[in-house]
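This report refers to the structure that appears directly beneath it.
Every read-out reported here was derived from the displayed coordinates using simple, explicitly stated rules and does not represent laboratory data. As the structure is a prediction and not an experimental result, all values here were calculated from the model. Positions of Cβ are backbone-derived with ideal geometry, glycine not excepted, and every protein chain shown enters the neighbour counts.
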Amino acid sequence: MITIKMTHELKKIPRLINKIVPLLLLISIGINIWQLTPKPKHKVDNFPADQHLNFLEDKYVCSMYHPKPPKIESTTISLTSIPPRFGYLKDLEKYSNNDTNVVVNIPKNYRYFSQYILPKTDKVIINSVSTDLGPGTKLMGLCENMKIVGDLIIYLDDDVEYDPKIFDEVKKHITPGYIIGGHGGFYTGIDDPNLSFLGYGYFNQRFALDPCYIDAQVLMGFGGVAILKQDLFRMCRSPNIIKYTSKKSCYFIDDDWLGKFTQEVGLKKISYTPLIMSRDVFKSETDGWSNRVMYHQARKECLRDEGSFMDSPKLHIRTALIEGKESLHKASEYRAMKKIVRQNHYNFANAFNHDYKLYFDTKLEKSHWVKMEIYKEFLQTCADDDILFYTDYDFLFLNNIIPKFTHGSIIMAKGCSYDDEMTMVGTFIAKCDKTLIDFVDQWLKVTRICSEMGVKNDDQIAFNLIKYDLAFKLQIEDFYRYDICEEKVGLVGIHYPGGNKADRMTVTLNKLGRVS
């Protein structure tokens, strides 16, 4: 009986095969068609109901990015730190080798710390910088000393341990025009009152996804971020940085404003989780959800787009070259630099289609008072959206966009450091606020009094004496810089006080020519 039953069952096999084979063939064809259909490599369908995670379907898609790494002969590991952590700086020496230097960018004056003593380190370069940009000093501090910067920069946080083996690995994935990091992500959007940040590493782990290159809005410094020197130079020269360095809300959220800033400069950001350089990265509080309460309002204030004066209906650039009047400088100084400055100013005005006018005469007693005459004339004739950019003649533009500031009706600069409370008046931006006509008259009146007392910089001292509350004072290196200040890639331009102006201008132009 058993033999008969087995024989009967075996007879069914050919019929089952005849039914199954066509079915398998159909399944195989379907799979091949599905594989040939264009689609994101990753698409997670089983998201939790949480509204924030719904953004992932659109955002978490593999990029078309293909690395084209350039030749990299040297690397700079760049960080910043604060006095309570100085004891750990010596630990950074382990990242240094023959083709890699370690640079720690330390502000001369911290915003929130008093005097300090730096520890002695043999293999760590301490780059003393003039401006405290908060944690963002870890990258932008290099702008003040590009000579020490290698072909590739990897910037890190100073309170995280890193795996040096990935420092070499990142060289295979970098491309000019791109910044790449191990841990990136995106914001959930304006509708989210918290402007939450979602990190890709969280989703890689949660849904067990294979890693791939993904376009990112933000790259988190704690995971390590790489940028080429040539791209950092673009950031150093961009005036848009002022929008962030002048805002208190941006100070502590460096990864956020650096993400927005790099986008404005035209650099793209790529996140690739195998390049996470920090150890135990998934234990970090910023991995996945970065919703710390202190950051919510700061993000919304810091990342608000304020545009530039390129969007304004009319920008009036005004300067003066007046001979035969009493001046702070010898006439020969201005004659020597006349050709350099004239060409520079005309080129700048033409490049950005700005209205430009050079004054050769004044009714006032001294030539350097003409700024008040020009300012008053502007206020009497301007339209509501017009902007005045006044500069003394000993000024070179650096062919960058003039940034737009929302504070104050007249925007001037402070001195070379935050300790310098003196407002400079050689270059300023003014809005069409007609209520200030009386103020200009007062400024001139006090200037005349200062002059009678024998004060040399009478116009500047007068302005500081009347303490005009609507004047928004910027750090001078955020707006322009004096060439006598510390070396730094300028933004709007460079001012040349004192003598020997033409020679100093020539040195600058030659230097810029070599750099660019």
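The table for this structure:
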{"read-out": "Per-peptide average of other Cβ atoms within 10 Å, ordering 97-110, 117-130 highest first", "value": "97-110, 117-130"}
{"read-out": "Mean Cβ neighbour count within 10 Å, used as a protection proxy, ranking 425-431, 346-352 highest first", "value": "425-431, 346-352"}
{"read-out": "Cross-link pairs beyond the 27 Å C-alpha cut-off, checked among 147/300; 147/339; 314/511; 68/147", "value": "147/300; 147/339; 314/511"}
{"read-out": "Neighbour-count ranking [beta-carbon atoms within 10 angstrom, fewest first] of 446, 370, 455", "value": "455, 446, 370"}
{"read-out": "J(HN,Hα) series, the stretch 218-231, from Karplus relation 6.51 cos²θ - 1.76 cosθ + 1.60, nearest Hz, glycine and proline x", "value": "9, 10, 8, x, 5, x, x, 9, 10, 8, 7, 4, 4, 7"}
{"read-out": "Amide H contacts of residue 320 (H built 1.01 Å from N, under 5 Å, at least 5 apart or other chain)", "value": "359, 393"}
{"read-out": "Per-residue ³J(HN,Hα) for the stretch 75-82, Karplus 6.51 cos²θ - 1.76 cosθ + 1.60, θ = phi - 60°, Hz, x for Gly and Pro", "value": "10, 10, 8, 10, 9, 10, 7, 10"}
{"read-out": "From phi via Karplus (6.51, -1.76, 1.60), per-residue ³J(HN,Hα) for the stretch 121-132 in Hz, x at Gly/Pro", "value": "9, 7, 10, 10, 8, 8, 9, 7, 10, 7, 10, 8"}
{"read-out": "Amide H contacts under 5 Å for residue 409, placed H, 5+ residues apart", "value": "472"}
